[in-house]
Amino acid sequence: MLMGDYYILDGKTPVECDPLTWAKWVSETDTHVAYDELDGATVSTIFLGRPWAHTPRLLFETMVFGLGDAKLVGRYPTWETAEAGHAEALELARRTLAGKGA
C-alpha cells in the first residue's frame, strides 16, 4: 500500500485525499454502509478509507459477529458492491441462525 492511498467519501464515491484530511474525516464520520443485528449476530459493512493490503481500492469491508468467531465476509471496491455484499452476508447469517435453532 502506498502512503498516499487515503480516501474519503463524497456521497457514496471514494475520492483520494491526504492523510490529515482522511484522519479528520474518519474521526467525525459514521463509516457504516449498512449495519444489522439479528438474534445475537451482527452484520456490519464499513468504508475503510484505505485499501486493504496491496489490493487495488478494496475500500469497503463486511464482517459478521456473533456466529462464533468474527468472520470476514468480503471486501469491495465500491459502495454498491459493498451493499450487495452486505445483503449476501445478512442472508448467510439468517440461514446460519435458522440452522442453529433446528
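Among the numbered conditions (1) of a type in the set (Ser, Thr, Tyr); (2) assigned to a helix (DSSP H, G or I); (3) in contact with a strand residue (DSSP E or B) (Cβ under 7 Å, 6 or more places away or on another chain), the only one that Thr62 does not meet is (2). Taking the range 17-59 as the range and being among the basic types (Lys, Arg) and assigned to a strand (DSSP E or B) as the test, no residue passes.
Reported count of residues in the range 77-102, each being part of a helix (DSSP H, G or I), loosely packed, with under 12 Cβ neighbours inside 10 Å and not acidic (Asp, Glu), is 5. In the range 10-44, the residue that is surrounded by the most Cβ atoms within 10 Å (Cβ to Cβ) out of those that are among the charged types (D, E, K, R) and in contact (Cβ under 8 Å) with a residue 40 or more places away in the chain is Asp36.
FYI, it's all coordinate maths here, none of it is from the lab. Just so you know, these numbers come straight off a predicted model, no measurement behind them. Here Cβ is always computed from backbone atoms with ideal geometry, including for glycine, and neighbour counts include all displayed protein chains.
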